[in-house]
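Before any comments, here is the structure.
The values are calculated or read from the model by the stated rules, or taken from the named source; none is laboratory data. Predicted model only: the values in this text are computed from it and were never measured. All Cβ positions, even for glycine, are placed from backbone atoms using ideal geometry, and neighbour counts span all protein chains on display. SASA here: full protein model, heavy atoms, side chains in, ligands and nucleic acids out. Shrake-Rupley method; radii C 1.70, N 1.55, O 1.52, S 1.80 Å.
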Amino acid sequence: MKILIVNCGSSSVKYQLFQLPDNFCLAKGMVSRIGMSGAVLTHKPHDRPEVTISSEILDHTSAIEHVIAILLSPNHGVIKNRDEIAAVGHRVVHGGEQFTASCLVTPEIMLELRKLIELAPLHNPHNIRGINATLQNLPGIPNVAVFDTAFHHRMPEYAFIYPLPYILYRKYRIRRYGFHGMNHHYVSKRAAEMLGTTRDKIKMITCHLGNGASMTAVDKGISVDTTMGFTPLEGLMMGTRCGDIDPAIILHMMGKEELSLHEANTMLNKHSGLVGVSGVSSDMREIIEEMNNGTKSAKLAFDIYCYRVKKYLGAYAAAMGGLDCIVFSAGIGENSAVVRQACVSGMEFMGVELDKGLNEAAKNKESVISTAASKVKVVVVPANEELVIAMDTAEIINKK
Ligand code: ADP
C-alpha cells in the first residue's frame, strides 16, 4: 500500500511517498516559496538523483498538483497511476481536546478543524489548506489527519491545568496541550524496542531537540507531562523561541518599549532563544562553532540551552518517581554529541553515565550511548514523524 504524507507550512509543502508495510520511502521532497517569486520543487526518488524544478507556484493546490505530477513523471516519478496512492496522511499541528487520535477526514471533521484555528492560528490554517489541496487534486482518495497534540491527551489534569483562574480553561480551553507528539510517540517506542523491552514497562524522558524543542515524560508509554504548553512557545530554549520565562516580563516590556501584541509575539517567537541570547544564529552548529572561536554570547546561549534540558530531566524524573531511559532526537539531539554530553553532565548521582566514545560516534543513527553499567540508558533515535503519519494513515484505511 502506498501512502502519501503531506506536511504544509505557510509557504511550503513537504511530502513523502511510503510503501507499507515495509516502511520504505519511495520518494520525498519539498515545495518551497509558495506564492513568492522563485518557488522551487526539490524531489528525491529513492533510486535516482535529486532534482530541483523552478516554477510559478501560487498556492498550495498548485503545489500539490506539482507534487503529483512529479510522482507520476516518466523520468523522476515512482508511480504510474495516481490511483496507486491509497491514502494521504496530513500532519495537523493542533487537535485541541477533541482529537485524541488520528482520524479519517470528512466534511464534519473539516468543520471541527476550522474551529481549532483559534488555538493554532500560525499552523492549522496551512494544514487545512493542504487537506483542501489534496481533496481537489486527488478526488476520491481518502485523507487522514494525524495530530501533533494527540499523544499528550492522557496527561493528568494537574499537569495540564495552569494555575490561572479556572474560568479561563472553561471559557477558552487554556491548558497545556503539548506538541511534537508524533515524534515523542515514535522515539519512545523505538528506544524501548532497542533496549529489548516495551514502553509499558519503563519510565522515559524523550528530548526532541530541533529548531523547535520539547521534552516529554513518558511513563509506561503514556505522556504524563511535556514542556510545550498552550502553544509551542513554552518549555525549553529553542532556536528563536524563548521557552519558559516569567510572564511578567512580557507585560513589563510591552509597557517599556510600547510593543504591540504582534511585536511582543514576534520578539518571543522569532528574536529570542539561541539567536536572541547569542546575537549570532538560531542554528546550533553555528552557535557551537562560535563558542569554539571564543564568542562569549554563543557560549552563554549554549550553556542556557543545555542547562534547561538538564533541569527538565531532573523535574520529570521526580514527576515520574524514577527514570530508566533518556532519548535524544531531532537535528540537535541526533547529531550533537557536545549538547548531549552537556545536558546529562553531573547526573551520575541519578544513575546517568554516558559512554564518551559511543556518544561521539552517534550521529543521525539509532544508538545506545550510555555505559553498560549506567542505570539509566541513554539512547539516540532519529526523528521520523512522517513514518508515524504513514503508519497511522494505513491503519485507519485498513479499518475502513
Ligand atoms: P526542525 O525543527 O526545523 O525540523 P531539525 O530537527 O532539522 O529542525 O533541527 C535543526 C537544528 O539541528 C539546527 O539548530 C541545526 O543546527 C541542528 N543540527 C543539525 N546538525 C547538527 C550538528 N551536527 N551539530 C549540532 N547541531 C546540529
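A few notes on this one:
- The residue pairs whose first member lies in the range 60-77 and is aliphatic (A, V, I, L, M), whose second member is part of a helix (DSSP H, G or I) and open to solvent by less than 10 Å² (accessible area, probe 1.4 Å), and whose beta carbons are closer than 8 Å, counting only pairs six or more residues apart or on different chains, are Ala63/Ala133; Ile64/Gly130; Ile64/Ala133; Ile64/Thr134.
- Cβ-Cβ under 8 Å pairs, at least 6 apart or on other chains, the range 272-292 side under 20 Å from Ala330 (Cβ atoms) and free of Cβ contacts under 8 Å to residues at least 60 places away in the same chain, far side open to solvent by 50 Å² or more (accessible area, probe 1.4 Å) and near the ligand (Cβ under 10 Å from one of its atoms): Ile288/Val338
Residue by residue, here is whether (1) open to solvent by less than 50 Å² (accessible area, probe 1.4 Å); (2) closer than 19 Å to Ile3 by Cα; (3) of a type outside the set (Ser, Thr, Tyr); (4) in a loop (DSSP other than H, G, I, E, B) holds:
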position: His43; (1), (2), (3), (4): yes, yes, yes, no
position: Asp47; (1), (2), (3), (4): no, yes, yes, yes
position: Thr52; (1), (2), (3), (4): no, no, no, no
position: Ile57; (1), (2), (3), (4): yes, no, yes, yes
position: Glu65; (1), (2), (3), (4): no, yes, yes, no
position: Val78; (1), (2), (3), (4): yes, yes, yes, yes
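- Of all residues in the range 1-30, those being open to solvent by 60 Å² or more (accessible area, probe 1.4 Å), part of a strand (DSSP E or B) and over 18 Å from Thr52 (Cβ atoms) number 1.
- Count of the range 210-259 residues which are at positive phi and within 16 Å of the ligand (Cβ to nearest atom): 2
- Where Gly130 falls short, out of the listed (1) surrounded by 16 or more Cβ atoms within 10 Å (Cβ to Cβ); (2) outside any helix (DSSP H, G or I); (3) on the phi < 0 side of the Ramachandran plot: (2)
- Among residues of the range 369-398, those that are closer than 17 Å to Ala191 by Cα and either within 16 Å of the ligand (Cβ to nearest atom) or charged (D, E, K, R) (or both), counted: 11
- Flag if Asp324 is farther than 17 Å from Ile205 by Cα, modelled with pLDDT of 95 or more and not small (Gly, Ala, Ser): no
- Residues that are over 21 Å from Val338 (Cβ atoms) and either within 16 Å of the ligand (Cβ to nearest atom) or surrounded by 24 or more Cβ atoms within 10 Å (Cβ to Cβ) (or both) within the range 193-209 comprise just one, Met204.
- Those helices (runs of 4 or more DSSP H) lying entirely in the range 261-368 with at least 2 residues open to solvent by 60 Å² or more (accessible area, probe 1.4 Å) and away from the ligand (no atom under 16 Å from the Cβ): 261-270, 296-320, 356-361
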